[in-house]
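A.B. asks: Quick one: the structure is below, and I'll ask about it shortly.
The values are calculated or read from the model by the stated rules, or taken from the named source; none is laboratory data. Values in this document were obtained by computation on a predicted structure and should not be read as measured data. No Cβ is skipped: glycine too gets one built from the backbone with ideal geometry, and neighbour counts run over all protein chains shown.
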Amino acid sequence: MSNYIVDTEYYQWLLDQIDYYEGDGFDEALEIMFETPFEWDIPNDDNRAEDGIGLRAIFMDEENWHTEPLFEKECNTLEMFVALAMRIENDIMWDGETDRTSEWFWMMIRNMGIKRGDLPGYVYGKLEDFMHHRGVTPFPLREKSKKPCEIWFQAQQYLMEKYDF
């Protein structure tokens, strides 16, 4: 089984998790996210990478794949954001009735300033600025921290501010 086939199927599976349909204006941005490794330098953000990599096992189980190529790669930014959206839904915002994973994913993308039809350089720049703490965040907080903090903490703070719980 070639890596290309597995990667293509896995990429489509990730898009299915966020209710994205090809041609909806974010094709290039999502491809860039899939190709861009997720980098971190804040303690505990490695957990976000592990969550992203964990999606591969879910995919392989759900789709009945029995291959190892997916596990040879580091977590990419698309995986990290999809996994984070799932964690937000399941661990913070779960209401027992609806699955809003896609809502959380697209909220983060909008908050980072990525829009339909953005040029590749712009998307790469936003991802780099996010990963290197240069003013781009999926969770803009009312009170800015003087130093960067882990993504999961930012998510919790943001959701508490926005949804008042």
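A.B. asks: Criterion first (part of a loop (DSSP other than H, G, I, E, B) and under 20 Å from Asp27 (Cβ atoms)) does Arg116 satisfy it?
C.D. replies: Here the answer is yes, as Arg116 does meet what is asked.
A.B. asks: Right, here's the next one. What single numbered condition from (1) closer than 21 Å to Lys126 by Cβ; (2) in contact with a helix residue (DSSP H, G or I) (Cβ under 8 Å, 6 or more places away or on another chain); (3) among the small types (Gly, Ala, Ser) fails to hold for Gly25?
C.D. replies: All conditions are met except number (2).
A.B. asks: Quick one: in the stretch 150-165, of everything that is among the hydrophobic types (A, V, I, L, M, F, W, C) and under 17 Å from the mean Cα position of the chain (by Cα), which residue is surrounded by the fewest Cβ atoms within 10 Å (Cβ to Cβ)? Write out each step before concluding.
C.D. replies: Start the filter on the stretch 150-165 by keeping residues that are among the hydrophobic types (A, V, I, L, M, F, W, C), which leaves 151-153, 155, 159-160, 165.
Checking which are under 17 Å from the mean Cα position of the chain (by Cα) leaves us with 151-153, 155, 159.
Working: Ile151: 23, Trp152: 20, Phe153: 15, Ala155: 22, Leu159: 17.
For the stretch 150-165, the residue satisfying everything is Phe153.
One line per residue, one yes/no per condition, for (1) in contact (Cβ under 8 Å) with a residue 24 or more places away in the chain; (2) on the phi < 0 side of the Ramachandran plot; (3) not charged (D, E, K, R); (4) not in a loop (DSSP other than H, G, I, E, B):
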position: Ala49; (1), (2), (3), (4): yes, yes, yes, yes
position: Met60; (1), (2), (3), (4): no, yes, yes, yes
position: Met80; (1), (2), (3), (4): yes, yes, yes, yes
position: Ile88; (1), (2), (3), (4): yes, yes, yes, yes
position: Glu97; (1), (2), (3), (4): no, yes, no, no
position: Pro138; (1), (2), (3), (4): yes, yes, yes, no
position: Arg142; (1), (2), (3), (4): no, yes, no, no
position: Pro148; (1), (2), (3), (4): yes, yes, yes, no
position: Gln157; (1), (2), (3), (4): no, yes, yes, yes
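A.B. asks: Working only within the stretch 1-38, note down all residues that are crowded, with 16+ Cβ neighbours inside 10 Å and either touching a strand residue (DSSP E or B) at 6+ places or on another chain (Cβ under 7 Å) or in a loop (DSSP other than H, G, I, E, B) (or both).
C.D. replies: Within the stretch 1-38, Ile18, Tyr20, Phe26, Met33, Phe34, Thr36, Phe38 qualify.
A.B. asks: Specify the residue that is farthest from the chain's Cα centre (by Cα); the eligible residues are those in the stretch 119-136 that are among the aliphatic types (A, V, I, L, M) and not in a loop (DSSP other than H, G, I, E, B).
C.D. replies: The extreme case among them is Val123.
A.B. asks: Out of the residues in the stretch 90-114 that are within 23 Å of Arg48 (Cα to Cα) and charged (D, E, K, R), which is modelled with the lowest pLDDT?
C.D. replies: Asp95
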